[in-house]
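The values are calculated or read from the model by the stated rules, or taken from the named source; none is laboratory data. In this text the structure is predicted, and so the values were computed from the model without any measurement. Glycine also receives a Cβ, built like all others from the backbone with ideal geometry; neighbour counts cover every protein chain displayed. These area figures cover heavy atoms from the full protein model, side chains too; ligands, DNA and RNA do not enter into them. Shrake-Rupley method; radii C 1.70, N 1.55, O 1.52, S 1.80 Å.
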Amino acid sequence: MTGRRLTSLLAYVTTAATGASLLTGCGVLPGTTGGSREPVTVMTWAPDQTRATNMPGMPAMAQAYARWVNSQGGIDGHELRILTCNEQNTTAGAAACARRAVRENAVAVVGSYSQNGRAFMAPLEAAGVPYIGGYGISEDEFTSPLSYPVNGGQAALIAGHGMQLAGSCRTVSLVRPDTLAGDKLPELLNSGLRKASHRGAVDIPAVEDAAEYIAPATTARKKAGDKDGCVTAVLGERTQTFFDSFRRLPEEERGSDGGEDSGDDSGGKNETVRISSVLGSVGQPVIDRTGGAHSPFEGAFVTGWYPEASDKSWAPMRKVIQEHAFADNRVDPADAGVQTTWIAYTVLKEVVEALDADTITASQIAHALDRGERIDTGGLTPVLRWKYEDLLGAPSFPRIVNHEVTFQVVRKGQLVAQRPGFVDVGETVLSAP
């Protein structure tokens, strides 16, 4: 065979092999410079269309993130493949999603929401699949060695909220779910209130998925008192329902919530009862839906994990949403679930890039995080790292590494910073029973 014919044959075989590789979905991604790297498959789950809290924006944000990163050539040459699952707010649903993630060879579960930690962590732990950047709503997210939380969860929010309220509220009524998770909230809130030598909050358990809350609203109003009282509700998606019931109370039972916003943090000048909550129960989307500047949340205190939605640190996420999820109304850049998912995928991206391997496995990701891979989230959180010495070590929440929160307030229909920067609540969480 002549050299010319041999060269032509090799060229033909190479071209055919390349075409077959692209047709089967393997090989080089458009935009990459060479090599043959395996796709990276992960799962994002959240409840949708249930009677309690729903988080459809989290899987939708994951899909938008994948469209964006794959348009750039993937993560370090790896195509990012997203599995989504409706967790349904049930233990059976959470367990089914986890088993599916294992069955379909997901190397991580990323940016997901579930209150059913025991149901989903057991299958993931058995298969060695890491849980990165869960919403922070279940206790198991802060105890499992395979969980890598990006925020301090409800523990940090509630403890920080107590600190935020201590300077403005003489008496605090806490309306919270009558659940095992809800049972932990009073002591966490009280740990924050105690930082200012404040007396503990009045604990008012309520049904998590009620259609109205007239009875607990009446109790909360009476217990808050007539002078500098505060009513805080942490009921997830039903918080809006609670404050709608609160607003419907006769004026003599709820105090006046009228008056123009004075621009300070004392609420309207005629107010006798201040309302408040935490991110996830109240956020910009809820404020917008309930009337903006005329919303019942005008003047409310809100404790969050991250900077306010208008902060410039969110610009990269907003650009991705605009370009890759512009028609999907589930993806709201001001939604805490969407924000958490963005941060969780930032962790995944940095870890995969640091591994620099043709094949990425669950054990590689977990090992990289355990050995201290540092994750810079662009100012949305402190630098994240999960080495042993970075863990807060609180008895019920040992996996917390980010124990900073932000204090916000609703002014003219917008959540804005009540004070600049982050507030460290680590010692407050540690002091909770």
**Prompt:** What is the magnitude of the charge dipole of the chain about its Cα centre, with +1 placed on the Cβ of each Lys and Arg, -1 on the Cβ of each Asp and Glu, and no other charges, expressed in debye to the nearest 20?
**Reply:** 500
**Prompt:** Which value, in Å² and to the nearest 10, is the accessible area of Glu323 when all protein chains are kept and the probe is 1.4 Å?
**Reply:** 100
**Item:** Theoretical FRET efficiency, 1/(1+(r/R0)^6), r = Cβ-Cβ of Glu212 and Asp390, R0 51 Å, to 0.05
**Value:** 0.70
**Request:** Work out, step by step, the length gained on full extension between Lys319 and Thr50: first 0.36 nm times the residue separation, then minus their alpha carbon distance; give nm to one decimal.
**Result:** 93.8 nm
**Message:** Which order do the peptides 73-85, 108-120 come out in when sorted by mean C-beta neighbours inside 10 angstrom, highest first?
**Reply:** 108-120, 73-85
**Request:** Scan around Ala108 for amide H atoms under 5 Å from its own, H built in the peptide plane at 1.01 Å from N, and keep only partners 5 or more places away or cross-chain.
**Result:** Met43
**Request:** Compute the distance in nm between two label points, each set 7 Å from the Cα along the Cα-to-Cβ direction, one at Arg371 and one at Ala293.
**Result:** 5.6
**Complete:** Given the candidates Ala354, Val331, Gln364, the one whose Cα lies deepest towards the positive end of the charge dipole of region 330-394, counting +1 at each Lys or Arg C-beta and -1 at each Asp or Glu C-beta, is Val331
**Request:** Would you check the accessible area of Ser281, probe 1.4 Å, heavy atoms only, in square angstrom rounded to 10?
**Result:** 10
**Asked** What value does the chain have for Rg/Rh, both radii from Cα atoms and Rh as Kirkwood defines it?
**Response** 1.05
**Prompt:** List the aspartates and glutamates whose alpha-carbon lies under 13 Å from that of Lys195, not counting same-chain residues fewer than 8 positions away?
**Reply:** Glu187, Asp424, Glu427
**Item:** Largest-first principal axis extents of the Cα set of region 384-433 (Å)
**Value:** 43, 26, 14
**Request:** Note down the accessible area of Ser245, probe 1.4 Å, to the nearest 10 Å².
**Result:** 10
**Item:** Contour excess over end-to-end distance, with Cα ends at Arg199 and Ala122 and 0.36 nm allotted per residue
**Value:** 23.8 nm
**Request:** Mind checking which aspartates and glutamates have their Cα closer than 19 Å to the Cα of Lys222? Skip sequence neighbours fewer than 8 apart in that chain.
**Result:** Asp203, Glu212, Asp244, Glu251, Glu252, Glu253, Asp257, Glu271
